[in-house]
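A.B. asks: Pasting a structure here, questions to come.
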Ligand SMILES: C[S@@+](CC[C@H](N)C(=O)[O-])C[C@H]1O[C@@H](n2cnc3c(N)ncnc32)[C@H](O)[C@@H]1O
């Protein structure tokens, strides 16, 4: 069974103003405390709630997503807000970013990848981050409801797993939290978050 049901998400993106809401992730809101300006890359940008928040704060933002409807919506909302952002429709597994970024974020997207793919994307994020720059990852843990159904996909085992991948970076934050979601039937997500500085 395919975990990432592109057809379903595409339809929801097409028929709802904002599937994931426009409220940015609570950890994305903290980024300006750590980096004041520069280039941001958002992997799996969706409708852009995080990318737009950072663009509003003066960052030069690029968002990529495998779904054209997502990128179109993110660019449309940016235009409505008078924000100059970049967007690209591309599979994160094939994407090779241009140059280095001050901030690279990937929120609620790693669980669409197999473990090896997720690790490769994280390595790519690290390679394309400037010295002193930040990576932010939020991703589901093995306690999440999704893991039982989709054990072949990437769910983080424990906080240390993300820390280990960033062992040569300064760890700013590494913790787990539970998020109540209502985009489908109401459900809780178990989420691990890591913010690290190169
Ligand atoms: C749950 S949404 C999260 C969107 C956004 N990061 C947020 O936090 O609001 C996950 C996004 O990842 C995108 N995605 C899934 N697989 C992808 C891939 N292989 N490459 C790029 N984007 C992908 C989906 O299309 C979707 O927009």
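The values are calculated or read from the model by the stated rules, or taken from the named source; none is laboratory data. As the structure is a computational prediction, the values presented were derived from the model and not from experiment. Note: ideal-geometry Cβ built from the backbone for every residue, glycine included; neighbour counts use all protein chains shown.
A.B. asks: Say we look at the range 90-106 and pick out the residues that are over 14 Å from the mean Cα position of the chain (by Cα) and within 24 Å of residue 32 (Cα to Cα); which of these is surrounded by the most Cβ atoms within 10 Å (Cβ to Cβ)?
C.D. replies: 101
A.B. asks: Another question, then. Need pairs with beta-carbon distance below 7 Å; first residue within 18 Å of residue 25 (Cβ to Cβ) and touching a residue at least 60 places away in the same chain (Cβ under 8 Å) and within the range 83-108, second near the ligand (Cβ under 7 Å from one of its atoms) and in a loop (DSSP other than H, G, I, E, B); sequence gap 6+ or separate chains.
C.D. replies: Close Cβ pairs (under 7 Å, with a partner that is near the ligand (Cβ under 7 Å from one of its atoms) and in a loop (DSSP other than H, G, I, E, B)) amount to 106/44; 107/25.
A.B. asks: Here is a further query. Somewhere in the range 101-117, is a residue in contact with a strand residue (DSSP E or B) (Cβ under 9 Å, 6 or more places away or on another chain), more than 22 Å from residue 146 (Cα to Cα) and near the ligand (Cβ under 9 Å from one of its atoms)?
C.D. replies: Checked the range 101-117: no residue is in contact with a strand residue (DSSP E or B) (Cβ under 9 Å, 6 or more places away or on another chain), more than 22 Å from residue 146 (Cα to Cα) and near the ligand (Cβ under 9 Å from one of its atoms).
A.B. asks: Of all the helices (runs of 4 or more DSSP H) wholly in the range 110-198, which have at least 1 residues that are closer than 20 Å to residue 62 by Cα?
C.D. replies: By residue number, 115-127.
A.B. asks: Taking the stated definitions as given, is residue 143 more than 14 Å from the chain's Cα centre (by Cα), away from the ligand (no atom under 13 Å from the Cβ), surrounded by 16 or more Cβ atoms within 10 Å (Cβ to Cβ) and farther than 23 Å from residue 66 by Cα?
C.D. replies: yes
A.B. asks: Quick check on residue 52: is it touching a residue at least 60 places away in the same chain (Cβ under 8 Å) and either part of a loop (DSSP other than H, G, I, E, B) or surrounded by 19 or more Cβ atoms within 10 Å (Cβ to Cβ) (or both)?
C.D. replies: no
A.B. asks: Can you name every residue in the range 34-48 that is assigned to a loop (DSSP other than H, G, I, E, B) and away from the ligand (no atom under 12 Å from the Cβ)?
C.D. replies: Within the range 34-48, 35, 36, 37, 38 qualify.
A.B. asks: Would you check which residues across the range 68-89 are within 18 Å of residue 109 (Cα to Cα), touching a strand residue (DSSP E or B) at 6+ places or on another chain (Cβ under 7 Å) and surrounded by 16 or more Cβ atoms within 10 Å (Cβ to Cβ) and list them?
C.D. replies: Once the filter is applied, which keeps residues that are within 18 Å of residue 109 (Cα to Cα), touching a strand residue (DSSP E or B) at 6+ places or on another chain (Cβ under 7 Å) and surrounded by 16 or more Cβ atoms within 10 Å (Cβ to Cβ), the range 68-89 yields 71, 74, 87.
A.B. asks: Can we say residue 41 is surrounded by 14 or more Cβ atoms within 10 Å (Cβ to Cβ) and without any contact (Cβ under 8 Å) to a residue 60 or more places away in the chain? Before you say what the answer is, go through the steps one by one.
C.D. replies: Details: surrounded by 14 or more Cβ atoms within 10 Å (Cβ to Cβ): yes; without any contact (Cβ under 8 Å) to a residue 60 or more places away in the chain: no.
No.
A.B. asks: Of all residues in the range 3-17, count the ones that are near the ligand (Cβ under 9 Å from one of its atoms) and assigned to a loop (DSSP other than H, G, I, E, B).
C.D. replies: Count: 1.
A.B. asks: Cβ-Cβ distance below 6 Å, separation of 6 or more or different chains: which pairs start in the range 57-72 with a residue that is more than 23 Å from residue 29 (Cβ to Cβ) and part of a loop (DSSP other than H, G, I, E, B) and end on one that is within 6 Å of the ligand (Cβ to nearest atom) and at pLDDT 95 or above?
C.D. replies: So the pair list comes out as 66/91.
A.B. asks: Output the number of residues of the range 22-33 satisfying the condition of being near the ligand (Cβ under 9 Å from one of its atoms) and touching a residue at least 60 places away in the same chain (Cβ under 8 Å).
C.D. replies: 2
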